[in-house]
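These notes concern the structure reproduced below.
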Amino acid sequence: MAKIIAVTGCIAGIAHTYMAAANLKKFAKKNGDDIKVETQGAMGIENRLTPDDIKNADVVIFAVDTTVSEKERFEGKKTLEVGTSEVIKDGESVIKKATDLINS
Amino acid sequence: MSFKSEMRELGNHLQTGVSYMIPVVTAGGLLMSIGTLVGGTNVAANSFWGQVKNLGLIGLQFIPIVIAAYIAFSIADRPGLAPGFIVGVVAQKMGTGFIGGIVVGLLVGYLTKWLKKVPVPQKLVTVKALLFIPLIVTAVIGLLYIYIIGTPLKAVVDGLTGWLQGMKGANSVLLAAILGAMMAFDMGGPVNKVAYTFGMGCYAQGVYAPSTAMLLAIAIPPFIMFVATLFDKSLYSKEEIENGRTAAIMGIFGITEGAIPFALADPLRVIPSIMVGTAVSCALNAAFGVTQKTALTTLMALPFASNIILYIVSIVVGVLVGAVMVNALKKFTHHNVDQDALK
């Protein structure tokens, strides 16, 4: 079981941001992985990842069409960067890619 | 870094700028439109509705500035903001608009990012952040813009704006149709974003025909799928019918993504249909010459359309065309609902 954290964000910050977050949670759960998702939408940062979350995570997924806010928090972590559309279309393979990254 | 990820990063910077611009456009455009709608086109500047309109216009002037500052912020983080704002105002005052804002944002961003990497003795680190970077970047890019880039860029921007504004008849209908089809193609994906950014750019330049088409397109795909589920329930699973209702409600509030589940489940029939339906709506509206000057989407912009009846006609016709087409495709190409439900 992997510990995954993720950040999602899209241009308008009203739909893709949250759909991507929902899909990541769905497929991580299906895979038996632990996940926490921070959304960076029109309302700013919600469900903020704590320093502990970040420290304990095995891998970080950035599912973003914009730049991740406060990216320096994730320095030194293994990260996978994709667009929000990729997660919405095929969340399963994004989770798989992320978990593969842990062992690489 | 590979070329592909380099381009992806550049795209993300532009999109970050646009994402910070959206609330500015919404507030400014709406106040301006309300002021004009209630106070009339020749509203006196010092009357109440004149002030509402002014407030909106001031908001709209911030478009190039916010774009410049937040593209720079996206590239170089905090140190990019101050020079981005200052030179952004230069771009705005020189009349280079949205494109000028983008150029300033990129120049400021990359110069700042590069300067951040220049090594300095430990003692000078604070001076560098506090003094050198804001001063050097603002002076260099600002003067570069004033003396070298600004004037030719203004000529290019004016040329483009004039060309878009002068677009009449078949060309404007074609442009609207293309924008509509692009918006519907991947609903929030990369192609949609290109059309969206183009529409927003036109809006920022005060060219309202393309922005009207782009914004009109947003709710058409979810409306098409909602109406399609109403027309023939046997072609859709129970979840899809439920999804159709949610999609329509989301569509009213300017969210196009509600149609995505339909497109994912049956891309070959759904995507062409919503593209055609949306293109029809946009083309028809352009043929009628209807525009709206808010940044609001499809139905929310309705009260601000220059001809409300024709605007509604455009929406209804496009939605009907799309809905009939998708149902016909599903029916005559032996689409099996149960198969999809099993997935």
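Side notes on the structure shown:
- Computed from the C-beta positions of A:K29 and B:A45 and an R0 of 51 Å, the FRET efficiency is 0.30 to the nearest 0.05.
- Chain A, helix-only ellipticity at 222 nm - DSSP H runs n ≥ 4, -39,500 (n - 2.57), divided by all residues, nearest 500: -11500 deg cm²/dmol
- Per-peptide packing, taken as the mean over residues of other Cβ atoms within 10 Å, places B:307-315, B:91-99 in the sequence B:91-99, B:307-315 from highest down.
- Cα centroid separation, the stretch B:151-200 to the stretch A:4-72 (Å): 32 Å
- The ranking of B:E9, B:E240, B:E257 by Cβ neighbour count inside 10 Å, starting from the fewest, reads B:E9, B:E240, B:E257.
- Given R0 = 41 Å, the distance between the Cβ atoms of B:E9 and B:L55 translates into a calculated FRET efficiency of 0.70.
- Efficiency of FRET between B:L131 and A:E70 - r from beta-carbon atoms, R0 35 angstrom, step 0.05: 0.90
- Computed extension length for B:L230-B:A27: 69.5 nm, one decimal, from 0.36 nm per residue of separation with the Cα-Cα distance subtracted.
- Distance (nanometres) between label positions extended 7 Å along Cα→Cβ at B:I241 and B:A287: 3.5 nm
- Shape class for the stretch B:144-211, computed from the alpha carbon gyration tensor (a ≥ b ≥ c): oblate, with a/c not under 1.5 and a/b at or below b/c.
- Mean-position separation - Cα centroids, the stretch B:272-291 and the stretch B:1-59, in angstrom: 24 Å
- Chain B: calculated mean residue ellipticity at 222 nm from DSSP helix runs of at least 4, using -39500 (n - 2.57): -25000 deg cm²/dmol
- Here the 3J(HN,Hα) profile of the stretch B:245-257, calculated from phi with Karplus coefficients 6.51, -1.76 and 1.60 at θ = phi - 60°, is 5, 4, 4, 5, 5, 4, x, 4, 8, x, 10, 8, 5 Hz, Gly and Pro shown as x.
- Cα gyration tensor, the protein assembly as shown - rounded (a/c under 1.5), prolate or oblate: oblate
- Ordered by the count of other Cβ atoms within 10 Å of each Cβ, fewest first, B:C202, B:C282, A:C10 give B:C202, A:C10, B:C282.
- Crossing angle, helix B:81-93 versus chain B [Cα axis fit, 0-90 degrees, rounded to tens]: 80 degrees
- Separation in nanometres of the label points that stand 7 Å from Cα toward Cβ, at A:D100 and A:K3: 2.5 nm
Coordinate-derived values only; no laboratory data. No experiment lies behind these values; they were computed from the predicted model shown. With ideal geometry, Cβ positions are generated from the backbone for all residues, glycine too; neighbour counts draw on all protein chains shown.
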